[in-house]
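These notes are about the structure you will find just below.
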Amino acid sequence: MSENINPFFEPYGTPHDTVPFDRIKLEHYEEAFMEGIRRDNEQIEKTINNPEKPTFDNTIINTEEDEGYYDLLSRVSTVFFNLLSAETNDEMDALAQKMQPILTQHANDIRLNPKLFERIRYVHQHHRKLTPEEKMLLDNCYEGFVRSGALLDDAGKERLRQLTEEASMLSLQFSQNLLKEQKAFTLDITDEAQLDGLPETAREAAALTAKEQGKQGWVFTLDYPSYSPFMTYSTQRELRKQLYMARNTVCTHDNHENNLEICKRLINLRREIAQLLGYKTYADYVLKRRMASNARNVYRLLDDLIDAYRPTAVKEREELKKMCGEEMMPWDSGFYSHKLQMKKYNLDAEMLRPYFELKNVIKGVFGLANRLYGITFKENKDIPVYHPDVKAYEVFDKDDSYLAVFYADFHPRKGKQGGAWMTEYQGQHWEVNSEKGKVKSIKENVRPHVSVVMNLTKPTEDKPALLTLGEVETFLHEFGHSLHGMFANTRFESLSGTSVWWDFVELPSQFMENFSIEKEFLRTFAFHYQTGEPLPDELIRRIVKSRNFMAATACLRQVSFGLLDMAYYTKKDEFKDDIIPFEKKAWKKAILGKQLSDTCMTVQFSHIMAGGYAAGYYSYKWAEVLDADAFSVFKKHGIFDQNTAQRFRDEILSKGGTEHPMTLYKNFKGSEPTIDALLKRNGIRKTKKI
């Protein structure tokens, strides 16, 4: 391989053809983007000018599989946009601003190409006998073009181009503004007395942050591992207020990072796109390809949850108010919740931290996958990574065959978005030998390269990374997504792994969270980082006993986000309201505490403004019903039961989007899910089908 050749233009020459992060330079991206677009256009011309009658094999499979078609563009886009979230800088942001309209225009050129669509439509109407997976691919391809405007007249197509290009740019701007605002704020403390109440772990982390920033004293940021302990333990109410207001007013200030008008415009752009395509609202457009089907079913779920959980949530809040003894403000909730938890269960996050050393948690999570599915993980330092925090593993199946590459990126840093997510650098698919449309053999089962990106507590100068139980749950959640990717075993990449309907995609992830309080699981890895002593039975008993502490309040919080999302995207008329007061009204029936006039969630709500969950945030609660129902099967047969795990792998994790998700679920469970398992898990009983 030549040092002068763009790495995207040649075989990577790395273990398992993994991305050569160490060889990619900023200037390589734009060159590869433009060449990828050129190759795409060349391939499309070959397809539409094919003199043969359109068939599934020369049109649909050509679109999905042909070497070169989307290949280069997909390679560079995947790397660039993953790093734009995980390891960006000003130069990357500027390039994204330059390339985003070009890439959106290119995507529109494909989906609005009338000759290409005519071939696809012909195949949709006249095709050979197809396998279920082939039929799903054909339907998805046809529907994808229709939902992208292929049936519009020329004026409609031109308008759609304008709307989608503007929306893509605003979504990018939203994310860049949010990252800059969140990273810009620091709470600097030089008086040690103002650290009163904070545990040693929080103090050490803040001291390390100050040192890294060349400051004296202690520095707290809006990154969750810094923000959360301060809000939970600090006795300094005014400082809690300062930190809370900083976090909850980001992107509302009179500066270049203000997202208020961007949100209003995005809501209207999506409404207009949906109406141009023949739908009354954007929610109608989205929900046509969701398990929920329509807004009525979403609201039914959210209302059912409010009815079931609100009485308990009211009682929870009354208990907090008694603890507070004065008017309780939003920056008091975490502080007094901690006090109440200590009073009722003598338990808090800091008691558990010493038992959740990151390296042991990694062993525990990997061990869980081994016990359930027989897979093993081996770190391979020859696989290039994009930051020293990132670890790369080879994953082997129970027969010792190579299964996947797994990247894990654990800690917050300057160029990294907040939150946690799973992504891929290579999707699973088959390369096949076929004859007259029939697969004769699999040339290669191309295995996936998956990555989880998180913002977990960092190590300090004196201590390793010690996690909270909540962070262990986050790891399990994202690891569940990664298993969905790693176990993928489908012919077509666009149907593999997590390429499923969005109100089904959270099932594998939320399912894994259930293990976090199971004694049998905790016993495998929760050892004190200094003494090696196992997590005491008494602490495990308290963990289990307290699992439903403030559960109703947490449920209503999630429901409130779902209500807000639906309020924006069920609008039939132009959205003219001011964002902040509209937000307060939209989620009011799920809010118990005091609402402040100047705080705003919408402007930092990446899921529904820039992350693909617009008109779909309810998915977390929808999938929670599924995950509780699914885990009840494991509880019945044993949480490590390999036969149940194999069925879960075979019927759900490996199938991707090859069948309707309810079909997959019923194949696993034998029946449709009910809300009963969730209500039972949360200590609230009621039976109702979703």
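Considering only residues that are surrounded by fewer than 22 Cβ atoms within 10 Å (Cβ to Cβ), within 22 Å of residue 604 (Cβ to Cβ) and of a type outside the set (Val, Ile, Thr), which ones fall in region 418-431?
As a first pass, look at region 418-431 and keep what is surrounded by fewer than 22 Cβ atoms within 10 Å (Cβ to Cβ): 418-421, 423, 425-426, 430-431.
Going one step further and asking which of them are within 22 Å of residue 604 (Cβ to Cβ), we end up with 418-421, 423.
Those that are surrounded by fewer than 22 Cβ atoms within 10 Å (Cβ to Cβ), within 22 Å of residue 604 (Cβ to Cβ) and of a type outside the set (Val, Ile, Thr): 418, 419, 420, 421.
Report whether or not residue 315 is at pLDDT below 95 and open to solvent by 20 Å² or more (accessible area, probe 1.4 Å).
no
Any residue in region 236-253 that's on the phi > 0 side of the Ramachandran plot: show its pairings with residues that are assigned to a helix (DSSP H, G or I) and open to solvent by 20 Å² or more (accessible area, probe 1.4 Å) at Cβ separation under 8 Å, as long as the two are six or more apart or on different chains.
Here the result reads 251/181; 251/260; 251/604, each pair linking region 236-253 to a residue that is assigned to a helix (DSSP H, G or I) and open to solvent by 20 Å² or more (accessible area, probe 1.4 Å).
Quick one: would you say residue 302 is open to solvent by less than 70 Å² (accessible area, probe 1.4 Å) and in a helix (DSSP H, G or I)?
The answer is yes for residue 302.
Identify all residues within region 432-458 that are modelled with pLDDT under 95, open to solvent by 40 Å² or more (accessible area, probe 1.4 Å) and in contact with a helix residue (DSSP H, G or I) (Cβ under 8 Å, 6 or more places away or on another chain); write none if there are none.
Result: 434, single match.
The rows are residues; the columns are (1) assigned to a loop (DSSP other than H, G, I, E, B); (2) small (Gly, Ala, Ser).
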position	(1), (2)
367	no, yes
387	yes, no
395	no, no
405	no, no
418	yes, yes
434	no, yes
440	no, no
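Among the candidates 342, 351, 328, 323, which residue alone is assigned to a loop (DSSP other than H, G, I, E, B), among the aliphatic types (A, V, I, L, M) and farther than 19 Å from residue 451 by Cβ? Step through it out loud before you land on a result.
Values: 342 fails: assigned to a loop (DSSP other than H, G, I, E, B); 351 fails: assigned to a loop (DSSP other than H, G, I, E, B); 323 fails: assigned to a loop (DSSP other than H, G, I, E, B).
On inspection, the qualifying residue turns out to be 328.
Among the residues of region 193-203, how many are touching a residue at least 12 places away in the same chain (Cβ under 8 Å) and either more than 26 Å from residue 350 (Cα to Cα) or part of a helix (DSSP H, G or I) (or both)?
The total comes to 5.
When you look at residue 24, is it at pLDDT 95 or above, under 18 Å from residue 111 (Cβ atoms) and of a type in the set (A, V, I, L, M), yes or no? Break it down stepwise before answering.
Working: at pLDDT 95 or above: yes; under 18 Å from residue 111 (Cβ atoms): no; of a type in the set (A, V, I, L, M): yes.
No; evaluated as a whole, the condition is false for this residue.
Restricting region 390-417 to residues that are open to solvent by less than 60 Å² (accessible area, probe 1.4 Å) and among the basic types (Lys, Arg), which is farthest from the chain's Cα centre (by Cα)?
Taking region 390-417 and keeping what is open to solvent by less than 60 Å² (accessible area, probe 1.4 Å), we get 390, 392-397, 401, 403-413, 415-417.
After this cut, where a residue has to be among the basic types (Lys, Arg) as well, the list is 413, 416.
Details: 413: 19, 416: 14 Å.
So the residue we want is 413.
Out of region 176-223, which residues are among the polar types (S, T, N, Q) and under 20 Å from residue 419 (Cβ atoms)? Reasoning before the result, please.
So the first thing to find is which residues in region 176-223 are among the polar types (S, T, N, Q), and the list is 176-177, 182, 186, 190, 194, 201, 209, 213, 216, 221.
Matches in region 176-223: 176, 177, 182, 186, 209, 221.
Can you list residue pairs whose Cβ atoms sit under 6 Å apart, with the first residue in region 661-675 being closer than 14 Å to residue 511 by Cβ and the second being open to solvent by less than 10 Å² (accessible area, probe 1.4 Å) and assigned to a loop (DSSP other than H, G, I, E, B)? Count only pairs 6 or more apart in sequence or on different chains.
Within 6 Å, the pairs are 661/504.
Looking only at helices (runs of 4 or more DSSP H) that fall completely inside region 531-628, which ones have 3 or more residues that are modelled with pLDDT of 95 or more and open to solvent by 10 Å² or more (accessible area, probe 1.4 Å)?
Working: elements: 537-545, 551-569, 579-586, 606-609.
Because the criterion is at least 3 residues that are modelled with pLDDT of 95 or more and open to solvent by 10 Å² or more (accessible area, probe 1.4 Å), the helices (runs of 4 or more DSSP H) in region 531-628 that meet it are 537-545, 551-569, 579-586.
Residue 290: outside any helix (DSSP H, G or I) and within 30 Å of residue 644 (Cβ to Cβ), yes or no? Can you show your working first?
On the way: outside any helix (DSSP H, G or I): yes; within 30 Å of residue 644 (Cβ to Cβ): yes.
Spelling it out, residue 290 is indeed outside any helix (DSSP H, G or I) and within 30 Å of residue 644 (Cβ to Cβ).
Write out, first by first residue and then by second, each pair whose Cβ atoms fall under 8 Å of each other, whose residues are 6+ apart or on separate chains, and whose first residue, in region 123-139, is at pLDDT 95 or above while the second is loosely packed, with under 15 Cβ neighbours inside 10 Å.
124/139
Among what's in region 209-232 and is open to solvent by less than 20 Å² (accessible area, probe 1.4 Å) and part of a helix (DSSP H, G or I), pick the residue that is farthest from residue 413 (Cα to Cα).
So the residue we want is 231.
Condition test on residue 677, is it under 26 Å from residue 139 (Cα atoms) and touching an Asp or Glu at 6+ places or on another chain (Cβ under 6 Å)?
On the way: under 26 Å from residue 139 (Cα atoms): no; touching an Asp or Glu at 6+ places or on another chain (Cβ under 6 Å): yes.
No: the conditions fail for residue 677.
Quick grid of which residues meet (1) over 27 Å from residue 658 (Cβ atoms); (2) free of Cβ contacts under 8 Å to residues at least 24 places away in the same chain; (3) hydrophobic (A, V, I, L, M, F, W, C); (4) open to solvent by less than 30 Å² (accessible area, probe 1.4 Å):
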| site | (1), (2), (3), (4) |
| --- | --- |
| 74 | no, no, no, no |
| 82 | no, no, no, yes |
| 98 | yes, no, no, no |
| 103 | yes, no, yes, yes |
| 142 | no, yes, no, no |
| 149 | no, no, no, yes |
| 168 | yes, no, no, yes |
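In the list 492, 527, 479, which residue meets the criterion of being among the aromatic types (Phe, Trp, Tyr), over 25 Å from residue 301 (Cβ atoms) and open to solvent by 10 Å² or more (accessible area, probe 1.4 Å)? Reasoning before the result, please.
Values: 492 fails: open to solvent by 10 Å² or more (accessible area, probe 1.4 Å); 479 fails: open to solvent by 10 Å² or more (accessible area, probe 1.4 Å).
Among 492, 527, 479, only 527 is among the aromatic types (Phe, Trp, Tyr), over 25 Å from residue 301 (Cβ atoms) and open to solvent by 10 Å² or more (accessible area, probe 1.4 Å).
For region 140-172, which residues satisfy the criterion of being part of a helix (DSSP H, G or I) and either at pLDDT below 95 or among the charged types (D, E, K, R) (or both)?
143, 147, 154, 157, 158, 159, 161, 165, 166
Of the conditions (1) in a helix (DSSP H, G or I); (2) surrounded by 17 or more Cβ atoms within 10 Å (Cβ to Cβ); (3) over 31 Å from the mean Cα position of the chain (by Cα), residue 178 fails just one. Which one is it?
All conditions pass for residue 178, except number (3).
Would you call residue 552 touching a residue at least 40 places away in the same chain (Cβ under 8 Å) and aliphatic (A, V, I, L, M)? Break it down into steps so the answer makes sense when it comes.
Details: touching a residue at least 40 places away in the same chain (Cβ under 8 Å): yes; aliphatic (A, V, I, L, M): yes.
For residue 552, the condition - touching a residue at least 40 places away in the same chain (Cβ under 8 Å) and aliphatic (A, V, I, L, M) - is met.
The values are calculated or read from the model by the stated rules, or taken from the named source; none is laboratory data. Only a predicted model underlies this, so the values are computations on that prediction, with no experimental measurement involved. Note: ideal-geometry Cβ built from the backbone for every residue, glycine included; neighbour counts use all protein chains shown. These area figures cover heavy atoms from the full protein model, side chains too; ligands, DNA and RNA do not enter into them. Shrake-Rupley method; radii C 1.70, N 1.55, O 1.52, S 1.80 Å.
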